[in-house]
There are 2 protein chains.
Amino acid sequence: MQAMSVTVREAVFGLLRDVGLTTIFGNPGSTELPMFRDFPADFRYVLGLQESVVVAMADGFAQARATAAFVNLHSAIGVGHAVGSLFTAYRNQTPLVITAGQQARSILPFEPFLYSEQAPNLPRPYVKWSCEPARAEDVPAALARAFFTAMQRPCGPTFVSVPVDDWDRLCTPPPRREVTITVAGDPSMLARAAVMLRAARRPVIVVGASVARDGAWQEVIALAERHQAAVWASPLSSRNSFPEQHPLFAGFLPADREQIVARLEGCDLILVLGAPVFTYHVEGHGPHVPKDASLVQLTDDPAAAARAAVGLSIVTDLKLGIRALLEAKAPARPAPAAPVRAPSVPPDRLTDRYLLQQIAALRPPGSIVVEEAPSSRGAMHHYLPMLEPDSFYTCASGGLGHGLPAAVGVALARSDRKVIALLGDGSAMYSIQGLWSAAELALPVAFVIVNNRGYRALDEFAAHFGLATPPGTHLAHLDFCALARAQGVEAVRVSQCTELDGALRKAFAATHPVLIEVCVDV
Amino acid sequence: MQAMSVTVREAVFGLLRDVGLTTIFGNPGSTELPMFRDFPADFRYVLGLQESVVVAMADGFAQARATAAFVNLHSAIGVGHAVGSLFTAYRNQTPLVITAGQQARSILPFEPFLYSEQAPNLPRPYVKWSCEPARAEDVPAALARAFFTAMQRPCGPTFVSVPVDDWDRLCTPPPRREVTITVAGDPSMLARAAVMLRAARRPVIVVGASVARDGAWQEVIALAERHQAAVWASPLSSRNSFPEQHPLFAGFLPADREQIVARLEGCDLILVLGAPVFTYHVEGHGPHVPKDASLVQLTDDPAAAARAAVGLSIVTDLKLGIRALLEAKAPARPAPAAPVRAPSVPPDRLTDRYLLQQIAALRPPGSIVVEEAPSSRGAMHHYLPMLEPDSFYTCASGGLGHGLPAAVGVALARSDRKVIALLGDGSAMYSIQGLWSAAELALPVAFVIVNNRGYRALDEFAAHFGLATPPGTHLAHLDFCALARAQGVEAVRVSQCTELDGALRKAFAATHPVLIEVCVDV
């Protein structure tokens, strides 16, 4: 038996250093303080003023770095405030290692102040693994397991609850280990898929977020071009996985069963790459794919494979899986009809369409868009095409409050890029405290608020249910410039088309955070 | 079998009307819209801009009205954002009936957008009961059960998940029912406690939040006076349960085992009324009560009775229990030594002590204080005594983010009173969006921000663990006046003693919300 030679704190910081997690996102409380005794100089603490902000910043940071991020929360209350962002991180399949303090072991029988009752259950079901080790000396190994679990495909959050008195106890540091994270698909099934693809008269490709996550951008382009396959973005995809001005790019599938079938009508093979089959937002009926069409899904998510409504599902890393498909030749096929591009918008009304068109025209090369502007999503698809890999992030959960802090996290990870946060007014208010962190970190994010004075996406959705005026959708008396300046972020309001370009140019050139409140015509 | 004669929506609104829950706190989304078709004119929708705000407003409203409040949240994301406030409501023992939308039943197999996986588990363990009815027609009865369960002692939140397609289905309305909420203690055990009390040489009383919740203010005063018992407030009590300038009021017990024993030294009977035995914040050792002291607990919380560290526990409504004790006579006892009151603070430095003293001097009669200013808690105990029943609320959980929106909820319930929200800067930032709801509802809350530019309570706590400078405790570049005005709330900054009284007088006299940012010396 190896001697207990280091403190739990030393072992944990050693582990975090080994796996490259030297940025700690958090908001501290009394039950976390002993973790930070002699805080190492090579670590950085990133403070968020509410835990929903903390976890969403970590989510953006993790996605942009393509590895896990580390989070420390305050006991039950901190985890509780974070559950919404945790739900989004789980749906985003973002690897997060989340820790929270717990009261001292000896007083747990008395349900003390700040006690987290059933701590490992609190973040469920939106964690892949969750634990409060029974002994202090098991904490470092639990954190190693949390990291390796978070990184397995599909990635996701994991959770470890740490009693406050554990940090100064002695333990044996866990050994350094390596755990693979990539699985190649069954070669015989990939070969079968390749035969189906080759035999198809008119194949189409549907791309989802795992294409971006697995870095298969070039492979998808090669496969689509070889097979002359139209490429659709999967419904509500949280990442961009295909150049949206490529002649083969057909557009964005709606999250509606009948409409998906209508869009894909005429194809005989649907190859779904890195997306569920399919994500629906509204109730639908009838078949999931056009009559006589086959479907093949490549996915790194075993659960998405198991629950797909139709077709052959192959569990595989996307890059490896698509490369296997690229080993087969393709027959000569005619190119699909090129999609009609939206006409340009004249500067006569300050609509969201005009705004998005001007962002597209003026954004610096390599810009990253982090979007949470639900009512402008359609306009964005038409007027702000994503052209490069890893240049678009939105939340996969449908919840509000992710975009603003996620943009801060992305900017922290990618200091080489301009980050543009495209946010609805309702969305921005959910996590307005994130502006403080942008100012504190002096990150050059351009926050563009599409202020339409309400939850307009909801007003539009009400029509789907035949409702006239739902309560609680109008947002008057909000001044986003004042909210930004109050937290240390420069801000400017734009109410006319003529003011827009100058404001965008200035924000895009700035080396500090700038907020532009755009009062759009609706 | 009774005919299915009404829609689920009609049955639910009828039930809510019957039990007096005609105010709906929420933030709507697509999965909730059909609930609000033909929204009845006798109902009111109170919008919060983040669900932690929504639930904390409902919590304040419910506590101030002493009955349940109704909440509607948006699917998994809305519940997720609310879990922190739900934890606090659970610890506050506040009756809340919380509903959330769910996707349509027919598409649940496909894990649709906004799907709440394991919906009833998401708010656990901080709900007393949680359910997603298996059939649409069972929704109204589930909500009736949720209401009756929330109202049982100890009160707490309950949860019902409602699929979006349920609202238009037909059902049989549940019958009107009555369920008692008061339990009287075992008469023989109360008689035994009365004998112990009578025999005690020097009894002391410790009062907790359930005294306030059960409306036993007068009964506790009568009991203390009859027995010449010093009265302590229980550690971290979330309500005021005894007049804090009464000659028998001894002060506030700290949440620390050794210090409690020291404070209670010399007594031979400790009568704990409506509080746990005891709430600890830090690890402690040794006995829980002074040597040779007996302890009797009256509590309406069976779990608190079961886990009390020592003594005889009697489960009872507090008012009924104390009245039973009042049936016995008391021996002649000398009065305990009157506690030393804090000396008055001169206007030479703008400290939190001076601020609290001036609030005490200038507050209108009947004012209600909702407090979340952890580093000023001690100063508040000395300089801002609560004198009347139901005039003080704070959170029982120790989490931040409750106070600001809870004050809005209290003000909505008590239009006859001035509500003073006493908030730390860190606390206020957690739920700063609540100011928008105060403006929207035009509620005359006086928000007093004790701005000490950081999480000072944490800096002070760090000393307990021997830490010098914990990371993440300093809050620079925040302008609370701008944050208030940006949301439609009038604001004024006070940086000197000479400015304070005028600002307080104006805010206390206002018929609309006013925020005072007090930049205190630390």
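Could you check the spin-label model distance between A:Ala134 and A:Ala222? Points 7 Å from the Cα along Cα→Cβ, value in nm.
5.1 nm
How long is the gain from A:Thr469 to A:Asp42 if the chain were fully straight, where each residue apart is worth 0.36 nm and the alpha carbon distance is subtracted? Please list the in-between numbers first.
Details: separation 427, 0.36 × 427 = 153.72 nm, distance 5.42 nm.
In short, 148.3 nm is gained.
Within chain B, what's the longest stretch lacking GluC sites (Glu not before Pro) that sit in DSSP loops with no more than 12 other Cβ atoms inside 10 Å?
With GluC sites (Glu not before Pro) excluded where exposed in loops, chain B gives B:328-522 as its longest stretch.
Give the relative contact order (percent, whole number) for chain A; include only Cα pairs under 8 Å separated by 6+ residues.
14 percent
Any chance you could look up the accessible area of A:His477 with a 1.4 Å probe, heavy atoms only, rounded to 10 Å²?
Surface open to solvent at A:His477 totals about 70 Å².
Under 22 Å between alpha carbons, and skipping anything fewer than 8 positions from A:Lys418 in its own chain: which lysines qualify?
A:Lys506
How big is chain A in terms of Cα radius of gyration and Dmax, in angstroms?
24.0, 77
For chain A, what proportion of DSSP beta bridges, expressed in % and rounded to the nearest 5, is antiparallel?
Bridges in chain A are about 5 percent antiparallel.
Distances from B:Arg202 to the same position in the other copies: list them in nm, one decimal, shortest first, using label points 7 Å from Cα along Cα→Cβ.
The projected label point of B:Arg202 is separated from its counterparts by 9.5 nm.
Using +1 at the C-beta of Lys and Arg and -1 at the C-beta of Asp and Glu, which of A:Val207, A:Ala439, B:Gly502 has the Cα lying farthest in the positive direction of the dipole of the protein assembly as shown?
In the protein assembly as shown, that residue is A:Val207.
What number, in percent, do you get for the relative contact order of region B:1-134 if the mean sequence gap of Cα pairs under 8 Å and at least 6 apart is divided by its residue count?
So the answer I get is 22 percent.
Extension gain A:His285-A:Val179, at 0.36 nm per residue separation less the Cα-Cα distance, in nm? Don't jump to the answer; show the numbers that get you there.
Values: separation 106, 0.36 × 106 = 38.16 nm, distance 4.30 nm.
Stretched fully, the A:His285-A:Val179 segment lengthens by 33.9 nm.
Just how much of B:Phe447 is accessible, in Å², when a 1.4 Å probe is used and the result is rounded to the nearest 10?
0 Å²
Using R₀ = 22 Å, calculate the FRET efficiency as 1/(1 + (r/R₀)^6) where r is the Cβ-Cβ separation of A:Ala199 and A:Glu327; round to 0.05.
Efficiency computed from Cβ-Cβ geometry: 0.90.
With a 1.4 Å probe and all protein chains in place, put A:Asp390, A:Asp292, A:Asp186, A:Asp214 in order of accessible area, largest first.
A:Asp292, A:Asp186, A:Asp390, A:Asp214
At a Cα cut-off below 18 Å, give the aspartates and glutamates reachable from B:Lys319, other chains included and same-chain residues fewer than 8 away excluded.
Candidates past the 8-residue exclusion: B:Asp186, B:Asp214, B:Glu219, B:Glu225, B:Asp300, B:Asp301, B:Glu327, B:Glu388, B:Asp390.
I need the inter-copy label distances for B:Lys291: point set 7 Å along Cα to C-beta, values in nm with one decimal, smallest first.
Going from nearest to farthest copy, the values are 9.2 nm.
How do A:Phe148, A:Phe242 stack up against each other in accessible area, from largest to smallest, with a 1.4 angstrom probe? Each step should come with its number before you reach the end.
Details: A:Phe148 35, A:Phe242 5 Å².
Order by accessible area, largest first: A:Phe148, A:Phe242.
If I ignore ligands, DNA and RNA and count only protein heavy atoms, how much of B:Ser238 is accessible to a 1.4 Å probe, in Å² to the nearest 10?
Answer for B:Ser238: close to 10 Å² accessible.
Going toward the positive end of the dipole of chain B, with +1 on Lys and Arg Cβ and -1 on Asp and Glu Cβ, which of B:Met386, B:Leu478, B:Gln218 do you reach last?
Selected residue: B:Gln218.
What are the extents of the Cα atoms of region A:1-69 along their three principal axes, in Å, largest first?
41, 30, 22
Pull up the DSSP beta bridges for the protein assembly as shown and report the antiparallel fraction as a percent, rounded to 5.
5 percent
For an R0 of 30 angstrom, estimate the FRET efficiency from the Cβ-Cβ distance between A:Ala476 and B:Asp416 and round to the nearest 0.05. Please report the intermediate quantities before stating the final value.
Numbers: r = 27 Å, r/R0 = 0.91.
For R0 = 30 Å, the calculated efficiency reads 0.65.
Carbon and sulfur atoms: what percent of the 1.4 Å accessible area of region B:176-326 do they account for?
Values: 3090 of 5830 Å².
After summing per-atom areas, the C and S share lands at 53 percent.
With contacts defined as alpha carbon pairs under 8 Å and 6 or more residues apart, what's the relative contact order of region A:176-281 in percent?
That works out to 34 percent.
Between B:Arg341 and B:Arg192, what length comes free when the chain is fully extended (0.36 nm per residue of separation minus the Cα-Cα distance, one decimal in nm)?
Additional length available on full extension: 50.1 nm.
Using only the C-alpha atoms of the protein assembly as shown, find the volume of their convex hull and express it per residue in Å³.
Once divided by residue count, the hull of the protein assembly as shown is 173 Å³.
Give the separation of the Cα centroids, region A:215-262 to region A:353-369, in Å.
Cα centres, region A:215-262 to region A:353-369: 21 Å.
What percentages make up the Cα-Cα pair-distance distribution of region B:373-510 when the bins are 10 Å wide from 0?
Whole-percent P(r) values from 0 Å outward: 11, 40, 37, 11, 1.
As a check on your grasp of the helix formula, calculate [θ] at 222 nm for chain B: sum -39500 (n - 2.57) over DSSP H runs of n ≥ 4, divide by the residue count, round to the nearest 500.
Taking each H run of at least 4 residues, the total per residue is -10000 deg cm²/dmol.
Give me the accessible area buried between chains B and A, both sides summed, with a 1.4 Å probe, in Å² rounded to the nearest 100.
Values: alone 21570 and 21610 Å², together 35300 Å².
Counting protein atoms only, the buried area is about 7900 Å².
Measuring label to label, 7 Å along Cα→Cβ, what does B:Glu499 give against each other copy in nm, shortest first?
Ordered by distance, the counterparts are at 2.9 nm.
So, with +1 on the Cβ of K and R and -1 on the Cβ of D and E, and no other charges, what is the size of the charge dipole of region A:80-210 about its Cα centre, to the nearest 20 debye?
In total the dipole reaches around 1080 debye.
Taking a 1.4 Å probe, which of B:Arg456, B:Arg198 shows the most accessible area, and what order do the others take after it?
B:Arg198, B:Arg456
When the dipole is taken about the Cα centre of chain A, and only Lys, Arg (+1) and Asp, Glu (-1) are charged at their Cβ, what size is it in debye, to the nearest 20?
With only Lys, Arg, Asp and Glu charged at Cβ, the dipole is about 1180 debye.
Restricting attention to region A:1-51, which chymotrypsin sites (Phe, Trp or Tyr not before Pro) occupy a DSSP loop and are surrounded by at most 16 other Cβ atoms within 10 Å?
A:Phe43
The values are calculated or read from the model by the stated rules, or taken from the named source; none is laboratory data. In this text the structure is predicted, and so the values were computed from the model without any measurement. Virtual Cβ from ideal backbone geometry, glycine too; neighbours counted across all protein chains shown. Calculation scope for accessible area: heavy atoms of the full protein, side chains included, ligands and nucleic acids excluded. Shrake-Rupley method; radii C 1.70, N 1.55, O 1.52, S 1.80 Å.
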